[in-house]
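The values are calculated or read from the model by the stated rules, or taken from the named source; none is laboratory data. Predicted model, so just to flag it, every value in this text is computed and none were measured. Here the Cβ positions follow ideal geometry from the backbone for every residue, glycine too, while neighbour counts run over all protein chains shown.
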Amino acid sequence: MIRRAKGLVIVVTLLVMVSVIGTVVQAKNLTIYYGMGRDHFAPVIAAFTEATGIQVDEFRAPTEEMITTVELELRVRRPKADVIVAAEPQMRSLQSKYDAFLEYTPKEQDKLIPSMQVYTPLYTPLGMQLYILAYNSNLISADDAPKSWAELLNPKWQNQIAIADPKSSASVHGALWFVAQYLGEEVGAPYGWEFFNELAKLNPTLTSGHGPIRDLIQTGERPLGVQLISSEIPQYLAGEPVRWNIPEEGTPVETQLAAIIKGAENVEDAQAFLDWLVSVEGQTANWDHAVLIPARDDVDYEFPDGTKAGDYTLVPIIAEEVDRDLNMKQIDEAMKNARYN
Amino acid sequence: MAITKLRKFDFTYLVWAICAGLLIYLVLSPIGYMVYESFTGDDGAFTLRNYYDSFSDPSIVEAIYNTLFVSAGVAVLSMLIGVPLAYGVSRTNMPGKTLVKMSIFISMITPSFLLSMAYIVLAGPNVGYANRFLRLLFNLSTNYGPVNVYSLLGLIVMSVPGGVAYVFLQTSPAFENMDPSLEESARTSGANQWRIFRDITLPLARPAILSGALLAFSITLAMYGIPHMLNMEYITISIRKALLLGLDFKTTATLSIAVVVISMVVLMLYRMTLKSIKSYQIVSGKGFRPRVLQLKRGRYVFLAGGIVYAVFAFLLPYATLVIVSLFKKVGDGLTWGNLTLTNYTHALSLPMPRIGFANSTWLAVWSSTIVVMLGIVVGYIIVRSKVRGKGILDYLSIMPLGIAGTALAAGLILIYLGPLWFLPVYGTMWILLIGYVTRFVPLGVRNIQTSLMQVSSELEEASRITGATWGQTIRRITIPLIKNGVLYAWVLVFVRAFSELSVSVLLRNVGTDVVATAILDMWDGSERMPVAMAFGVMLFLFVTIVILIAQKITGRSIMDKVEST
């Protein structure tokens with residue numbers, strides 16, 4: 001009888017302890033939703049917390065999925081996020097559908113470079129990232145590696161290429177816009193959508209995001225990738241056998257933006273976060289951890305080879321022209337046609 | 001007078017009603033709402049347009065084809081491998097029975113996405129270790145393949161170990177408990193062992209074999225992790241994409257109902273085959289002792305089959321997980337200088353795995369407890385009571401087996417953002433708990449039902465005759481007799497819930513990530529591959545420790561008591 005009672009006490013105590021654990025992890029703080037790799041942006045958030053003492057709850061999912069989660073919450077008028085961080089096309093889409101964001105001009109907005117100031121007061125720019133052609137240097141020599149988008153179509157890259165799937169990745173829509181629409185109109189063949197029809201014949205792997213591309217390049221399973229520079233610089237610095245070329249025709253530049261959701265519970269903390277993001281400290285953290293090219297020119301940075309973004313041909317993505325549905329449909333059809341023809 | 005009437009009132013009907021109500025809420029309400037969404041337009045009017053639009057989308061057609069092809073392939077291969085293994089372990093003197101049982105058990109508890117992580121490294125067509133080995137062995141000149149994990153065949157091969165486990169678990173008891181008199185008669189009449197196996201043993205075991213194959217088909221139909229990692233078109237992936245990438249409630253509902261319908265047909269066939277399998281009682285003292293064949297060289301054939309299964313089901317994949325988890329740099333491969341334990345310490349230092357671990361523990365403990373409590377009540381009503389309509393309870397409790405996790409999760413999102421929007425459930429741990437309990441109710445009910453069926457009712461009747469009340473009999477006779485079965489059910493649900501993915505991947509939100517979504521997040525790029533694999537190894541070790549503790553408490557090996565639903 002006593003043993004049974006003891007057993008019951010132990011079981012109840014364990015259940016209560018487990019319940020407390022379950023409760024503790026759900027404490028509400030400044031809540032930030034983002035789609036960048038967690039290994040990139042979590043350290044930025046940690047730096048913010050260290051600088052300001054403001055605790056943050058974060059939710060990270062592939063950008064398209066994260067945006068849909070926000071949309072679901074907005075539909076029932078119960079947004080849980082205070083701040084959203086995503087690429088420009090996705091942020092503009094959210095704003096145009098739901099009038100989702102609160103205007104706020106961060107304190108050092110005037111220190112941003114002019115092309116970044118245009119985003120305020122609705123959005124706060126974090127920085128920029130650009131596309132590269134990354135390769136495994138153990139398997140592909142520097143001479144052999146493609147130096148342009150057009151060289152990607154060389155048949156020797158059959159079964160060697162990885163590129164993000166537009167159904168999961170937000171950033172790749174910028175790259176698709178650049179090659180299919182921008183270069184397609186400015187230059188013509190081999191660019192346009194025909195470029196991707198030809199690329200599909202080389203059996204590229206479509207990945208759920210840019211992290212898997214990093215792993216595929218490093219293992220050598222797909223030694224060549226259409227990749228974001230922010231995913232490869234940390235690997236290079238860690239000694240992994242990765243190198244890259246920035247395409248000769250130019251490369252699209254995507255701006256990562258942050259904004260406060262209307263109906264946010266922690267507006268003051270959210271504003272503090274935006275202020276910090278554009279400060280020297282925040283911009284330095286964005287470069288050091290998320291490898292985002294700074295939005296201020298008084299924050300120093302350089303690529304591992306000593307160059308900077310301005311040394312290359314960069315084309316800012318025109319968000320209004322990015323058609324996500326069209327991109328998904330075109331890539332789907334290109335891959336199917338290549339499989340069955 | 002009133003008290004006398006109250007004492008005479010049969011509370012079983014009240015309990016039945018409460019259980020039925022709860023199961024209807026858990027199981028039927030999300031499905032019912034999805035049926036409504038799939039058959040109505042945006043204006044609420046009846047329409048078949050959603051089905052027409054969905055099934056004329058080429059990528060959905062491809063997903064359905066892939067799903068049915070892979071599920072059928074896994075079912076067939078699982079039979080071809082699982083039946084000989086079950087026969088060898090149950091009816092022969094083959095060595096290595098413990099190895100086979102351990103492999104089967106590990107296949108049951110291993111999350112499928114862990115296996116796929118390992119096989120992607122092993123069987124990647126360019127530089128996978130298996131391909132490099134095969135090219136060397138057969139002096140192949142190609143740089144691509146011969147094995148390609150990113151294919152339907154790759155999907156089948158990675159899913160087969162789990163399917164074999166289900167076939168084994170259904171057929172092994174059938175072989176062990178077969179009436180030996182028919183085989184003895186055939187032997188006496190001069191039939192050789194192969195003829196006896198073909199004409200007597202196999203036909204008698206056919207219902208069990210079919211039920212195992214149907215289970216393997218059903219589980220494969222509902223899988224999420226492997227197709228996600230291979231980025232292949234699959235029906236569960238299409239459901240997630242429709243909801244989370246397209247916010248298309250109609251397509252989500254339509255595809256979910258399609259999966260439910262296919263699964264329900266399979267489930268009905270499964271239950272029909274189950275009815276052909278005789279249940280057995282052990283506690284009352286009766287049982288069959290079939291003849292164990294004393295094979296000579298033949299037993300080494302079974303051993304070879306067992307070793308091959310063990311190698312592909314867990315030795316090779318887990319060895320790969322462990323080795324890659326020790327890499328300092330992925331690009332440098334397997335060299336002594338490239339090994340480190342820092343990926344483990346790094347994984348433990350990250351907030352997300354810790355949050356996932358805490359959440360998974362909370363969910364696993366509570367869902368196991370609730371499922372087992374529900375299982376005792378529902379199982380008792382089904383097995384012991386004479387309540388009219390108990391068959392409904394039986395069917396309701398087993399229905400979630402026929403609902404893919406992603407379909408269930410989609411239904412929960414639709415219902416808690418739709419008609420039940422006023423309940424603050426969406427985006428919280430509560431929606432995950434509801435999903436887990438619904439998903440694992442069949443495990444609890446079925447395992448406790450089996451335990452109850454093994455206990456003769458004579459013991460309870462004797463208790464009632466000597467004056468004990470219904471409650472006293474349950475407390476002092478029934479529960480002590482089935483306590484090991486109850487504990488086993490709790491552990492089984494805990495293990496499954498702890499590594500659950502297909503419901504969690506749709507329902508997770510801020511602060512509600514679980515272990516499986518944390519690993520998926522790492523695999524999808526948030527951390528390097530070795531860190532993701534290190535966390536996967538730790539998940540497996542934790543689950544194994546829980547099972548070993550359970551074995552210590554019950555005093556017997558869980559592998560001997562393995563049951564499937």
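Can you tell me which of A:31, A:68 is β-branched (Val, Ile, Thr), within 9 Å of another protein chain (Cβ to nearest Cβ) and under 20 Å from residue A:268 (Cα atoms)? Can you show your working first?
Working: A:68 fails: under 20 Å from residue A:268 (Cα atoms).
Going through A:31, A:68 in turn, the sole match is A:31.
For residues in the range B:487-526 being more than 22 Å from residue B:441 (Cβ to Cβ) and among the small types (Gly, Ala, Ser), which is surrounded by the most Cβ atoms within 10 Å (Cβ to Cβ)?
B:518
When you look at residue B:456, is it surrounded by fewer than 20 Cβ atoms within 10 Å (Cβ to Cβ), among the hydroxyl-bearing types (Ser, Thr, Tyr) and away from every other protein chain (no Cβ under 14 Å), yes or no? It would help to see each step written out before you state the result.
Details: surrounded by fewer than 20 Cβ atoms within 10 Å (Cβ to Cβ): yes; among the hydroxyl-bearing types (Ser, Thr, Tyr): yes; away from every other protein chain (no Cβ under 14 Å): yes.
Answer is yes for this residue.
Considering only residues that are more than 9 Å from chain A (Cβ to nearest Cβ) and surrounded by 18 or more Cβ atoms within 10 Å (Cβ to Cβ), look in the range B:345-363 and name the one that is nearest to residue B:398 (Cα to Cα).
Filtering first and then ranking leaves B:360.
Can we say residue B:233 is assigned by TED's automatic domain parsing to the domain that holds residue B:71, assigned to a loop (DSSP other than H, G, I, E, B), in contact (Cβ under 8 Å) with a residue 40 or more places away in the chain and not polar (S, T, N, Q)?
Values: assigned by TED's automatic domain parsing to the domain that holds residue B:71: yes; assigned to a loop (DSSP other than H, G, I, E, B): yes; in contact (Cβ under 8 Å) with a residue 40 or more places away in the chain: yes; not polar (S, T, N, Q): yes.
The answer is yes for residue B:233.
Restrict the check to the range A:13-31 and report whether at least one residue is at pLDDT 90 or above and under 25 Å from residue B:523 (Cβ atoms).
yes
For residue B:28, are the conditions met, namely being free of Cβ contacts under 8 Å to residues at least 12 places away in the same chain, over 27 Å from residue B:315 (Cβ atoms), assigned to a helix (DSSP H, G or I) and of a type outside the set (Val, Ile, Thr)?
On the way: free of Cβ contacts under 8 Å to residues at least 12 places away in the same chain: no; over 27 Å from residue B:315 (Cβ atoms): yes; assigned to a helix (DSSP H, G or I): yes; of a type outside the set (Val, Ile, Thr): yes.
The answer is no for residue B:28.
Looking only at the range B:41-63, count every residue that is touching a Phe, Trp or Tyr at 6+ places or on another chain (Cβ under 8 Å) and assigned by TED's automatic domain parsing to the domain that holds residue B:259 and tell me the total.
So the count comes out to 2.
May I ask you to verify whether residue A:243 is crowded, with 22+ Cβ neighbours inside 10 Å and of a type outside the set (S, T, N, Q)?
Numbers: crowded, with 22+ Cβ neighbours inside 10 Å: no; of a type outside the set (S, T, N, Q): yes.
Considered against the rule, which asks whether it is crowded, with 22+ Cβ neighbours inside 10 Å and of a type outside the set (S, T, N, Q), residue A:243 comes out as no.
Can you pull out the helices (runs of 4 or more DSSP H) entirely within the range B:80-173 that have at least 3 residues that are among the hydrophobic types (A, V, I, L, M, F, W, C) and within 14 Å of another protein chain (Cβ to nearest Cβ)? Spell out the reasoning first.
On the way: elements: B:97-109, B:112-123, B:129-137.
Counting at least 3 such residues, we get B:112-123.
Within 14 Å of chain B (Cβ to nearest Cβ), small (Gly, Ala, Ser) and over 14 Å from the mean Cα position of the chain (by Cα), is that true of residue A:148? Full working, then the answer.
Values: within 14 Å of chain B (Cβ to nearest Cβ): no; small (Gly, Ala, Ser): yes; over 14 Å from the mean Cα position of the chain (by Cα): yes.
No.
Name the single residue, out of those in the range A:198-219 being surrounded by fewer than 24 Cβ atoms within 10 Å (Cβ to Cβ) and of a type in the set (Gly, Ala, Ser), that is nearest to residue A:155 (Cα to Cα).
A:200
Provide a single number: the residues in the range A:112-121 that are touching a helix residue (DSSP H, G or I) at 6+ places or on another chain (Cβ under 7 Å) and in contact (Cβ under 8 Å) with a residue 24 or more places away in the chain. Step through it out loud before you land on a result.
Narrowing the range A:112-121 to residues touching a helix residue (DSSP H, G or I) at 6+ places or on another chain (Cβ under 7 Å): A:112, A:117, A:120.
Still in the running and in contact (Cβ under 8 Å) with a residue 24 or more places away in the chain: A:112.
The total comes to 1.
What residue, among those in the range A:278-292 that are in contact with an Asp or Glu (Cβ under 8 Å, 6 or more places away or on another chain) and of a type in the set (A, V, I, L, M, F, W, C), is nearest to residue A:258 (Cα to Cα)?
Ranking the qualifying residues of the range A:278-292, first place goes to A:278.
If the Cβ limit is 7 Å and pairs must be 6+ apart or interchain, which residue in the range B:198-220 that is not assigned by TED's automatic domain parsing to the domain that holds residue B:403 pairs with which residue that is of a type in the set (Asp, Glu) and at pLDDT below 85?
Taking only residues 6 or more apart or on different chains, the pairs are B:200/B:183; B:201/B:183.
Scan the range A:119-176 for residues that are of a type in the set (Asp, Glu) and out of contact with any strand residue (DSSP E or B) (no Cβ under 9 Å at 6 or more places or on another chain) and jot them down.
Across the range A:119-176, the qualifying residue is only A:143.
When you scan the range B:317-338, how many residues do you find that are surrounded by fewer than 17 Cβ atoms within 10 Å (Cβ to Cβ) and aliphatic (A, V, I, L, M)?
3
Take residue A:99 and tell me if it is within 11 Å of chain B (Cβ to nearest Cβ) and charged (D, E, K, R).
Working: within 11 Å of chain B (Cβ to nearest Cβ): no; charged (D, E, K, R): yes.
No.
Scan the range B:231-271 residue by residue and report those that are more than 20 Å from residue B:53 (Cβ to Cβ), modelled with pLDDT under 85 and surrounded by 22 or more Cβ atoms within 10 Å (Cβ to Cβ).
Scanning the range B:231-271 gives B:267, B:270.
For the range A:296-303, check the following and say yes or no: at least one residue is in contact with a Ser or Thr (Cβ under 7 Å, 6 or more places away or on another chain), surrounded by 13 or more Cβ atoms within 10 Å (Cβ to Cβ) and more than 18 Å from residue A:171 (Cα to Cα).
If we filter the range A:296-303 for residues that are in contact with a Ser or Thr (Cβ under 7 Å, 6 or more places away or on another chain), which is where we start, we get A:299.
Now narrow it down to the ones that are surrounded by 13 or more Cβ atoms within 10 Å (Cβ to Cβ): A:299.
Pick out the ones that are also more than 18 Å from residue A:171 (Cα to Cα) and you get A:299.
So far as the range A:296-303 goes, yes, one or more of its residues are in contact with a Ser or Thr (Cβ under 7 Å, 6 or more places away or on another chain), surrounded by 13 or more Cβ atoms within 10 Å (Cβ to Cβ) and more than 18 Å from residue A:171 (Cα to Cα).
Specify the residue that is surrounded by the most Cβ atoms within 10 Å (Cβ to Cβ); the eligible residues are those in the range B:419-435 that are assigned to a helix (DSSP H, G or I) and within 13 Å of chain A (Cβ to nearest Cβ). It would help to see each step written out before you state the result.
As a first pass, look at the range B:419-435 and keep what is assigned to a helix (DSSP H, G or I): B:429-435.
Keeping just the survivors that are within 13 Å of chain A (Cβ to nearest Cβ) gives B:429-433.
Numbers: B:429: 22, B:430: 14, B:431: 24, B:432: 28, B:433: 19.
Out of the qualifying residues, it is B:432.
All but one of (1) closer than 27 Å to residue A:35 by Cα; (2) away from chain A (no Cβ under 14 Å); (3) surrounded by fewer than 23 Cβ atoms within 10 Å (Cβ to Cβ) hold for residue B:552, so report the exception by its number.
Among (1) closer than 27 Å to residue A:35 by Cα; (2) away from chain A (no Cβ under 14 Å); (3) surrounded by fewer than 23 Cβ atoms within 10 Å (Cβ to Cβ), residue B:552 violates only (1).
Would you say residue B:139 is surrounded by fewer than 23 Cβ atoms within 10 Å (Cβ to Cβ), more than 29 Å from residue B:447 (Cβ to Cβ) and touching a helix residue (DSSP H, G or I) at 6+ places or on another chain (Cβ under 6 Å)? First the steps, then the outcome.
Details: surrounded by fewer than 23 Cβ atoms within 10 Å (Cβ to Cβ): yes; more than 29 Å from residue B:447 (Cβ to Cβ): yes; touching a helix residue (DSSP H, G or I) at 6+ places or on another chain (Cβ under 6 Å): no.
So residue B:139 fails the test.
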